[in-house]
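> My questions will all concern the structure given below.
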Amino acid sequence: MEKDTLLKSFGISYVDLKGYKIIHINKRTSCVLQPLVTSDKGETNYFRLKLNKDKKTVYLIDSILSVGDILYNSRTTGIIFPIIKYQNEDDFSTTGEIRYFNTDKLLSDCIENNLENSEAVCFDNSGLFCLYMSADTLFAYNISTKEKKSIFTFDNPMMYSVELKLKNNILTLIYYSNFVEDFSDLNSAKVINFDYQE
């Protein structure tokens, strides 16, 4: 089994890239995903993310194993990048980060530097908060004050969160309740909905 097999089903990983991949954010801004150079000892599984504005690189993230949905909020001109940096080969657990970049002010922030078993991230309706799962806990992060608070805990440390969406005050989470067993047995992801009031 390849060591990034789990990540093939979520986001974009190195094995999905055939050279460069360009993701257009808006007319002036785009992301370029670029595989890192292979070493003499074999291939690397990592790539680089470059954010370009007006054809100039304004933000760079190296050593990425996988990136989830890159989200842009046009009201606040903010972009969220859920990134997986490491995956354990034995139990498939992942560690990563959530990065934020404001394309008008050209300011960056690390929303979460210890993202566990998740790529599930979204903006709230105003674009002022980042909602995300890490391990079995749902968090809200105030982008302007940099304050983080726990909203809900599932009490299930084996869950892996794939996607988080907010629409009409309903927060939808797509997740695996036990990612080792679910992945090994090819079980489907589960979906749960919450009422969310800002």
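> Translational diffusion coefficient of the chain at 4 °C, 1.567 mPa s, Stokes-Einstein with Kirkwood Rh over Cα pairs, in µm²/s as a whole number.
Values: Rh = 17.3 Å.
Reported coefficient: 75 µm²/s.
> Cut-off 10 angstrom, C-alpha nodes, Gaussian network model of the chain. Which of Gly127, Gly96, Gly19 fluctuates the most?
Its mean-square fluctuation being the largest, the pick is Gly19.
> Kirkwood Rh and Cα-based Rg: tell me the resulting Rg over Rh for the stretch 131-195, rounded to two decimals. Walk me through the intermediate numbers first.
Numbers: Rg = 12.9 Å, Rh = 12.7 Å.
With Rh from the inverse mean 1/r over Cα pairs, Rg/Rh is 1.02.
> So for the pair Arg75, Lys27, with labels modelled 7 Å out along Cα→Cβ, what separation do we get in nm?
In this crude spin-label approximation the distance works out to 2.3 nm.
> A further question on this structure: Compute the label zone of Asp109 within the stretch 61-78: residues whose backbone N is under 13 Å from the point 7 Å along Cα-to-Cβ.
Inside the label zone: 76-78.
> Test of understanding: what is the full-extension gain from Glu198 to Asp54, defined as 0.36 nm times their sequence separation minus their Cα-Cα distance?
In short, 48.4 nm is gained.
> According to the square roots a ≥ b ≥ c of the eigenvalues of the Cα gyration tensor, what is the shape class of the stretch 82-198, taking rounded for a/c under 1.5, prolate for a/b larger than b/c otherwise, and oblate for the remainder?
oblate
> Still on this structure, I have one more. Using each residue's phi in the stretch 171-176, evaluate 6.51 cos²θ - 1.76 cosθ + 1.60 at θ = phi - 60° and report the 3J(HN,Hα) Karplus result to the nearest Hz, with x for Gly and Pro.
9, 10, 10, 10, 8, 10
> Among Asp69, Asp155, Asp182, which one shows the highest mean-square fluctuation when the chain is modelled as a Gaussian network with alpha-carbon springs under 10 Å?
For the chain, modelled as a Gaussian network with Cα springs under 10 Å, the answer is Asp155.
> Show me, bin by bin at 10 Å from 0, the whole-percent P(r) of the stretch 39-141 based on Cα pairs.
For the stretch 39-141, the binned pair fractions read 14, 45, 30, 10, 1 percent.
> Given the options Thr95, Thr137, Thr145, state which has the largest fluctuation in a GNM of the chain using a 10 Å cut-off (strictly under) for Cα springs.
Thr145
> What's the FRET efficiency of Asn168 with Ser188 using the Cβ-Cβ distance as r and R₀ = 30 Å, to the nearest 0.05?
0.75
> How far apart, in nm, are two points set 7 Å out from the Cα along the Cα-to-Cβ line at Ser177 and at Asn125?
So the two model labels end up 3.1 nm from each other.
FYI, it's all coordinate maths here, none of it is from the lab. Every value quoted in this text rests on a predicted model; they were computed, and no experiment measured them. Glycine also receives a Cβ, built like all others from the backbone with ideal geometry; neighbour counts cover every protein chain displayed.
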